[in-house]
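Below is one structure, written out as C-alpha cells; the observations come after it.
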Amino acid sequence: MRSYGVSFFGLGYVGLTMAACFASKGFKVIGYDVDEGKVRSLREKRAPIFEPGVEGLITDAGDLLQATDDPAEAVSASDFIFITTGTPSRSDGSIDTSYVRSAAKAIGEMMKGSDRYRVIVVKSTVVPGTTAGPIRAELEAASGLVAGKGFGLVMNPEFLKEGHAVDDMFKPDRLVVGEVDPRSGDSIVRLYDEFYDRHPPPAIRTTLENAELIKYANNSFLAIKIGFANSMARVCQTIPGGDVDVVMKGIGLDSRIGPDFLRAGVAWGGSCFPKDLRAIRAFAAERGVKLRLVDASLETNEEGPLEVVSACEKAIGGLKGKAVAILGLAFKPDTDDTRESPAIRMGLEFMRKGANVRAFDPVVRLAPPGFTISEGPLSCIEGTDLAVLATEWKALREIRPEAFVKMMRNAVVMDTRRAYDRSSFAAAGVRLLQLGRG
Ligand code: UDX
C-alpha cells in the first residue's frame, strides 16, 4: 500500500486512465463523477470508455480503485485530489470553465473545517490565470481555507494521447508543475516520485500560469507541425514521384525537428487540438495578440477534408448519386472518439455533394444522420464507386486489393495515409489515389 490516497474528479479518458494507473501502482484511489453511468461501470470493473489497457488495469486494481458520485467520500479519503473534468469550447472558441469551477466548489465544500492538508491538482486544460483565478477562488470561498496554507494548489497539465494514454502515463517525457507555493510543488513531486518508483521523469517547476500555457503551447506546436506535413503532402502530389513520407523522414532526421508528428493526412481531429488552438487564439486575442500561425493551422485544417473530397469528385467524374464507402470513423485508430474526426467531416461533405455514404469502423458504431453503418469492411465497399481509407485502423490497412476489385462497382480508392501498396493495387486493377504522393 502506498503512502497517499488519491482521487480524480472527472472520469473521462484522462481521469479514468490516471485513476487506473495509480491504483495499479498500489495507491488507494477514488474516482468521482456526476455521471452515474460512469460510476456504475467503474464499480462493475468495466471501463466506461474505449482506451486500450485501462480495463485490464481496473481489474488488476481490485478494491484499491473505488468509484463514487459522493464528493465527500472522494475528498475525505484523499491527500491529492485531481481535477480532470472537461473544458469544452464555447461558441467563440474560448473555454468553458464551468465544469472545473463546479468541481473546485464541490471539493472546497468537502474540505470546509478540515485541518488535514490536501493538495488540489488541476489536470484539466485551462487557459493561463484560470487556476490562480476562478479555481482558487472557488476552493477558498467554499472551504474557508487559504491556498498555500490550508491546502496546496498545483497546475499539472497532462500530455496523454488517446489510444496511448496508459503508455503516456507510465512513460511521460516530463512533468510540468505549476505551484501556488513550494510546499504544494514539493508535495506533488513526492507523489510522482512514489508513482514512478523513485525514477520520475524530469520536472519543470514554475508558476501556475506558465504551466497552463505550456499545455496550450505544446498542443499548438504539435498541431502546426502536423499541419505543415499535411501542406507538404499537397505539394508532393503535384510532383511526379513526390512522396511526403520521404520528405518528412528527411526533415525529421534533423535533430532540431525530430521525426514525430510528421505523418501527413487529411487533417488533425480529436477533442484536444481543435479546442486548444481555438482557446489559445481567443485568449491571446483578448490580450491584443494575434496568433497568425495558430490561425493558419486552424484554417488549413478546416480545408483538408474539403480538398480531399474535391480530389475524389474529380477522380470519379462527379459525386451526385454515387455510392461512397468511408473506411474508419474515429478521429484516429485505437480510439472510439469521433470528435472532430476528419473521416466524419469528409463523409458529411460527400453527402453535401449528393453522394450516398456508408461507413465502417472496427469500434465506432454511431455516426451522424445520413451515414449508413456497415457491419464489416467488405459489405461497406460492396457496390460502391469510391472507397476512402479515412482512419488507418490495422484491420482496414490489411484489406487486399482483390477485395476492392471484387466488391466495388468501380475500384477507385482514396488512401489518405499511404497505407496501401501501389504496385499490388495497380496490378489488381484498382485505381489508387494516395494523399501526399505524386
Ligand atoms: C493530443 C496530444 O498529443 C496530447 O499530448 C494531448 O494531451 C491531447 O491531445 P490526441 O488528440 O489524443 O492527443 O491524439 P494525437 O495522437 O495527438 O493526434 C491528434 C490528431 O493528430 C489526430 O487526428 C491524429 O490523426 C493526428 N496526427 C497525429 C497526424 O495526422 N499525424 C501525426 O503524425 C500525428
Which value, to two decimals, describes the C-alpha radius of gyration of the stretch 1-125 once divided by 2.2 N^0.38 Å? 1.02
Taking 0.36 nm per intervening residue step and subtracting the Cα-Cα distance, what contour gain separates THR207 from ARG287 on full extension? 26.9 nm
The answer for the net charge of residues other than ILE30 whose Cβ lies under 12 angstrom from its Cβ, with Lys and Arg +1 and Asp and Glu -1, is -4
Quick check: the distance between the Cα centres of the stretch 288-322 and the stretch 26-84, to the nearest angstrom? 40 Å
Shape parameters for the stretch 302-405, alpha-carbon atoms, Rg then Dmax in Å: 12.4, 34
Just how much of VAL146 is accessible, in Å², when a 1.4 Å probe is used and the result is rounded to the nearest 10? 70 Å²
J(HN,Hα) series, the stretch 268-276, from Karplus relation 6.51 cos²θ - 1.76 cosθ + 1.60, nearest Hz, glycine and proline x: 8, x, x, 8, 9, 3, x, 5, 5
Restricted to pairs 8 or more residues apart or on different chains, the lysines in the stretch 238-391 with C-alpha atoms under 19 Å apart form a number of pairs equal to 6
Stokes-Einstein at 4 °C, 1.567 mPa s, Kirkwood radius from Cα pairs: D for the stretch 264-312 in µm² s⁻¹? 110 µm²/s
State in Å² the accessible area per residue of the stretch 295-378; use a 1.4 Å probe, count heavy atoms of protein chains only, and round to the nearest integer. 42 Å²
Which value at 222 nm does the chain reach when only helices count, each DSSP H run of 4 or more adding -39,500 (n - 2.57), with the total divided by all residues and rounded to the nearest 500 deg cm²/dmol? -13000 deg cm²/dmol
Highest-first arrangement of 421-434, 343-356, where packing means the average Cβ count within 10 Å: 343-356, 421-434
Sort 253-260, 400-407 by packing, meaning the average of other beta carbons within 10 Å per residue, with the highest value first. 400-407, 253-260
Ordering of 329-341, 365-377, 160-172 by packing [mean C-beta count within 10 Å, highest first]: 329-341, 160-172, 365-377
Expressed as cubic angstrom per residue, what is the convex hull volume of the alpha carbon set of the stretch 62-138? 106 Å³
For the chain, what % of the accessible area comes from carbon and sulfur atoms, probe 1.4 Å? 55 percent
If r is the Cβ-Cβ distance from SER76 to GLU398 and R0 is 60 Å, what FRET efficiency results, to the nearest 0.05? 0.75
Would you please give the residues with an amide H less than 5 Å from that of VAL146, counting only those at least 5 places away or on a separate chain, with H modeled from the backbone geometry? PHE151
Please figure out what share of the DSSP beta bridges in the chain is antiparallel and state it in percent, rounded to the nearest 5. 10 percent
For the stretch 161-220, whose charge dipole is built from +1 on Lys and Arg Cβ atoms and -1 on Asp and Glu Cβ atoms, the candidate among PRO182, GLY163, PRO201 with its Cα farthest towards the positive end is PRO201
So for the stretch 393-438, Kirkwood radius off the Cα pairs, Stokes-Einstein at 20 °C and 1.002 mPa s: how many µm² s⁻¹? 201 µm²/s
If you scale each eigenvalue of the Cα gyration tensor by 5 and take the root, what three semi-axes come out for the stretch 43-195, rounded to whole angstrom and sorted largest first? 24, 19, 17
Place a label point 7 angstrom from the Cα of ARG116 along the Cα-to-Cβ direction, then list the residues of the stretch 24-64 whose backbone nitrogen is under 16 Å away. 27-32
Kindly sort TYR216, TYR99 by accessible area of their heavy atoms, largest first, with the probe set to 1.4 Å. TYR99, TYR216
Evaluate the chain: find the radius of gyration of its Cα atoms, find its Kirkwood radius, and give the ratio Rg to Rh. 1.02
Distance from a point 7 Å along Cα→Cβ of GLU194 to each backbone N in the stretch 134-165: keep the residues under 16 Å and list them by number. 152
Simple spin-label model, 7 Å along Cα-to-Cβ: ALA217 to LYS171 in nm? 2.6 nm
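The values are calculated or read from the model by the stated rules, or taken from the named source; none is laboratory data. All of these numbers come straight from a predicted model, not from anything done at the bench. We place every Cβ from the backbone using ideal geometry, glycine too, and count neighbours over all the protein chains shown. Ligands, DNA and RNA are excluded from the accessible area calculation, which covers all protein heavy atoms including side chains. Shrake-Rupley method; radii C 1.70, N 1.55, O 1.52, S 1.80 Å.
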